[in-house]
Every structure is written in C-alpha cells, then in structure tokens.
Amino acid sequence: MSGIVVESYNPKWATRFESLKAQLWPLIQEWAISIEHVGSTSVPGLAAKPIIDMDIVVEDAKRLQYVIRALELIGYVHRGNMGIEGPRGIPSA
C-alpha cells in the first residue's frame, strides 16, 4: 500500500504552475478564457500533496471539447468530472 505524500509549502509550486501555463496557453488560447492554479499547492504557506492542479476556464461545452483534444494531442488524458457535479457549469466530456 502506498502512502499519501504531503510536503511543507514549496514556493517552487507557483513557479511550476507558471511554467505549465506558459506551455499550455498557446495550444488552447483560441478556446479558453484562462488557466488557473487551484488546489492546495496554490495556497502560500499550506502543506500539500506536491501535485499542481489547474482549472482551464472555458465559455461553453463546445469550446471545452477543443481544449480537451488539444491537450490529448500532447499526452494529457481527460478523465471527465471525476464524480464532481455542480459548479463547473459545463457537463463533463
């Protein structure tokens, strides 16, 4: 059984997010409104699992499909809404 790793806050998490955002934005800017750093690694001073969570904000489900496809082309895997219903406002793909 593998354990969950929680680390003390690391300011490099913000830098890593900015690097990922810079890599992804050119691929999706035609359809997306923004890329946001979310989750515990986005909160300065908070211990967290060292995984960078991002939300890509889109206007509607049609645009979401283009974003998903662009990210799949570079190796990302879309997993749907992961059982989270509600505030996203767009049905999962």
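A few comments on the model shown:
- Unmet criterion (only one of (1) within 12 Å of the chain's Cα centre (by Cα); (2) surrounded by 14 or more Cβ atoms within 10 Å (Cβ to Cβ); (3) modelled with pLDDT under 95) for Val58: (1)
- Enumeration of residues in the range 18-55 that are over 29 Å from Ser8 (Cβ atoms), hydrophobic (A, V, I, L, M, F, W, C) and exposed (fewer than 13 other Cβ atoms within 10 Å of the Cβ): Ile33
- Number of positions in the range 61-88 that are polar (S, T, N, Q) and under 14 Å from the mean Cα position of the chain (by Cα): 1
- Search result, residues across the range 9-51 that are part of a loop (DSSP other than H, G, I, E, B) and closer than 20 Å to Leu73 by Cβ: Gln29, Glu30, Trp31
The values are calculated or read from the model by the stated rules, or taken from the named source; none is laboratory data. Computed from a predicted structure; not experimentally measured. When we count neighbours, we look across all protein chains shown, and the Cβ atoms used for this are built from the backbone with ideal geometry, even at glycine.
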